[in-house]
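J.: Mind having a look at this structure? Questions to follow.
What follows draws every value from the coordinates through simple rules; no lab data is involved. Note that the coordinates shown come from a computational prediction; the quantities given were computed from them, not determined experimentally. Don't worry about glycine lacking a Cβ; one is built from the backbone with ideal geometry, like all the others, and counts go over all protein chains shown.
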């Protein structure tokens with residue numbers, strides 16, 4: 001199998017070369033990101049996710065470096081989305097306490113149980129069919145408050161079990177995520193619960209910024225790489241749009257216009273709306289327009305690669321290697337290399353929620 005068979009569609013954004021850095025920085029100001037890193041890095045459960053050096057694969061596709069930031073153990077949730085919801089719940093808890101006691105407590109005292117009696121009657125709620133809901137439930141358990149997660153009917157049993165393991169209540173809704181969002185909003189209003197959502201309207205902007213700040217810890221960790229190892233390109237799953245924004249903002253805070261180019265990647269076989277030629281509006285409106293492109297990769301065509309990477313059977317709708325596949329495919333395609341500015345000395349960073357059990361076998365196979 002040739003690697004250049006992997007991408008099935010490509011779309012470049014912002015060919016006018018403009019940027020919207022003011023909007024990006026407005027969504028996630030640098031002080032909020034720095035505060036989030038200071039707080040989250042103090043959690044007893046925190047550890048930076050490891051960055052795997054995939055030198056054999058980099059050599060196979062003719063680039064300077066390929067790194068994979070392995071999110072498979074993050075907070076026991078094992079997802080790049082693990083930090084955002086949990087951090088937002090802690091911030092929300094402190095905000096509610098401030099109303100009740102007249103002063104805002106430190107987040108450290110909230111997570112250490114100093115206000116558990118005051119918070120045990122508070123309920124946070126979220127509508128989610130993925131790990132964002134698990135993150136909110138994790139944060140609620142840390143703070144000591146209750147949690148209700150409205151999940152679409154088609155959500156996997158594993159998701160509901162993970163929510164229950166965190167002492168939260170999963171509420172199945174007959175319908176899709178939009179139906180779950182409506183049910184969650186109605187319950188929050190009628191019950192006086194506190195909703196946490198990945199939305200950015202005028203009433204939820206602060207919470208949305210807190211979620212982005214939590215996600216930005218991933219980028220802050222990556223910025224700790226030596227300057228000579230920092231990525232020139234970052235390939236990330238398109239479905240994690242808010243994570244993409246936080247990465248873009250954090251790189252711009254620290255590196256300005258010298259930050260990496262972001263490439264969003266979606267699996268052709270994910271049960272998601274088509275990404276071809278489009279990006280989520282929040283990303284389209286906020287990312288520097290000259291810094292992003294999208295790829296759609298065919299993970300079924302790459303079945304043998306994925307099975308070797310994971311060292312177990314490939315499940316088409318469960319892959320978290322879309323970014324890595326996109327990077328390998330783009331680096332192996334001369335037209336895409338030229339379009340994305342991938343050179344012999346380029347350094348690519350990818351993110352994923354799965355470990356790389358078979359990476360050495362994969363590198364041997366791909367180098368053939």
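J.: Each label point is 7 Å from the Cα along the Cα-to-Cβ direction; what then is the distance between the points at residue 254 and residue 169, in nm?
T.: About 4.2 nm, to one decimal.
J.: Given the alpha-carbon gyration tensor of region 82-207, what are the semi-axes of its equivalent ellipsoid in whole angstrom, ordered largest first, with each equal to the square root of 5 times an eigenvalue?
T.: Its equivalent ellipsoid spans semi-axes of 24, 16, 12 Å.
J.: I've got another one for you. Report D for region 136-253 in µm² per second (integer): Stokes-Einstein, Kirkwood Rh on Cα pairs, 20 °C, 1.002 mPa s.
T.: Working: Rh = 16.4 Å.
My calculation gives 131 µm²/s for D.
J.: Sort 207-213, 116-122 for me by packing, meaning the mean count of neighbouring Cβ atoms within 10 Å per residue, highest on top.
T.: Values: 207-213: 25.7, 116-122: 14.6.
Result, highest mean Cβ count within 10 Å first: 207-213, 116-122.
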